[in-house]
Amino acid sequence: RAKSAGGNRFELADPEADARVITRHGLTTGLPAALDRGEFFIEYQPLVHLGDGTVSGAEALVRWLHPQHGVLGPDRFIPLAEHTGLIVPLGRWVLEQSVRQARLWRERYGESTAAGPMRINVNLSPCQLTHPGLVQDTVDILERTGVAPDALCLEVTESALIGADDDLLKPLRRLAEMGVDIALDDFGTGYSNLANLRRLPVSVLKLDRSFTQSMQQYPADPVDLKIVEGIVALAHSLDLTVTVEGVETGAQAEQLRVLGCDTAQGWYYARPGPPDRLHELALVDATG
Ligand code: C2E
Ligand code: MG
Ligand code: MG
Ligand code: MG
């Protein structure tokens with residue numbers, strides 16, 4: 001940056017940076033009211049069984065329809081929501097909406113379609129983990145909607161759980177005991193000790209997109225193949241399911257299937273979209 005500014009480190013006339021600051025400020029002031037104004041919405045991205053391509057469920061991904069800036073992705077506002085504490089009510093809202101949606105899917109497909117029972121994945125921010133209401137809020141939402149705990153999977157990033165002490169793990173353990181699945185999201189990007197996995201109440205590993213990207217070539221780099229093979233073997237030996245994210249090509253899907261990954265998610269199957277899109281995809285599966 002210093003170079004592009006003509007070597008003058010104090011020259012700050014960078015219109016892009018200015019725009020970012022202004023945008024950030026605008027976002028910060030609009031954020032607290034956005035939930036009350038109903039400006040958030042959720043897109044759903046299907047998860048498919050790698051074995052037969054049937055839909056197993058979906059991940060809920062929140063968006064903000066900002067009155068001035070249009071649709072904003074979570075990377076633009078989740079950090080602000082965490083910073084301001086809005087993440088707790090926002091996260092609760094996402095959970096409730098998503099579980100309601102899962103209820104509709106399950107009413108529609110029941111437990112015995114070719115696609116199997118519809119499951120819903122919801123992301124949790126580390127701030128929600130330390131909020132004392134998490135377990136009770138989740139129990140209340142499941143009871144209100146009549147959705148079984150095993151239809152719900154809560155995703156927590158690996159980095160949020162690195163070095164987690166027992167206080168942080170306690171709510172996750174209670175949820176896991178109730179039957180809620182806990183997934184370790186973006187796995188492989190942190191520095192967690194693999195042996196540490198035994199300590200965590202997780203039942204799903206979501207391999208980070210960087211592993212999927214290394215399967216772009218066919219055949220992939222032999223070392224990358226060995227690494228993923230090793231992770232999958234370890235995960236399966238600990239009774240964990242392996243999901244891969246960011247699958248964009250058939251070659252990636254095929255190599256990850258051969259390596260033993262269980263489920264997949266990515267643009268190759270479907271982009272995140274409105275809930276009706278998932279109805280269509282699942283219906284195609286269910287009817288062959
Ligand atoms: P994530 O949980 O790892 O979600 C996957 C991200 O990868 C999503 O980005 C999704 O749109 C994107 N993606 C899916 N398939 C592909 C693909 O084939 N190629 C590529 N390049 N990308 C793909 P998105 O929707 O922008 O979400 C970003 C992150 O924001 C999520 O990462 C998650 O950590 C966070 N997030 C989303 N919704 C929520 C929420 O309700 N609460 C919290 N706390 N975090 C959320
Ligand atoms: Mg996720
Ligand atoms: Mg992820
Ligand atoms: Mg990710």
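Points worth noting:
- You can think of it this way: the chain between Asp165 and Glu143 has 5.0 nm of extra reach, that is 0.36 nm per residue less the Cα-Cα gap.
- Tail fraction, Cα-Cα pairs, the chain, threshold 35 Å, whole percent: 22 percent
- Global geometry of region 110-261, whether rounded, prolate or oblate, following the gyration tensor of its Cα atoms and the 1.5 cut on a/c: oblate
- Mean Cα-pair separation over length for region 103-212, i.e. relative contact order, pairs under 8 Å, 6 or more apart, %: 24 percent
- Exposure rule at most 14 other beta-carbon atoms within 10 Å, DSSP loop chymotrypsin sites (Phe, Trp or Tyr not before Pro): the chain longest free segment: 11-190
- Calculation over all alpha carbon pairs of region 193-268 in 5 angstrom steps from 0 returns a P(r) of 3, 17, 31, 24, 15, 8, 2, 0 percent.
- Sequence-separation-based contact order of region 55-111, relative, with Cα cut under 8 Å and 6+ spacing, percent: 22 percent
- Computed E for Leu234/Tyr191 - FRET, C-beta separation, R0 25 angstrom, nearest 0.05: 0.95
- Checking every one of the GluC sites (Glu not before Pro) in region 25-114 against DSSP loop status and a limit of 14 other Cβ atoms within 10 Å picks out Glu111.
Any read-out appearing in this document is the output of simple, stated calculations on the displayed coordinates, not a laboratory observation. Since the model is a prediction, treat every value here as computed from it, not as a measurement. Positions of Cβ are backbone-derived with ideal geometry, glycine not excepted, and every protein chain shown enters the neighbour counts.
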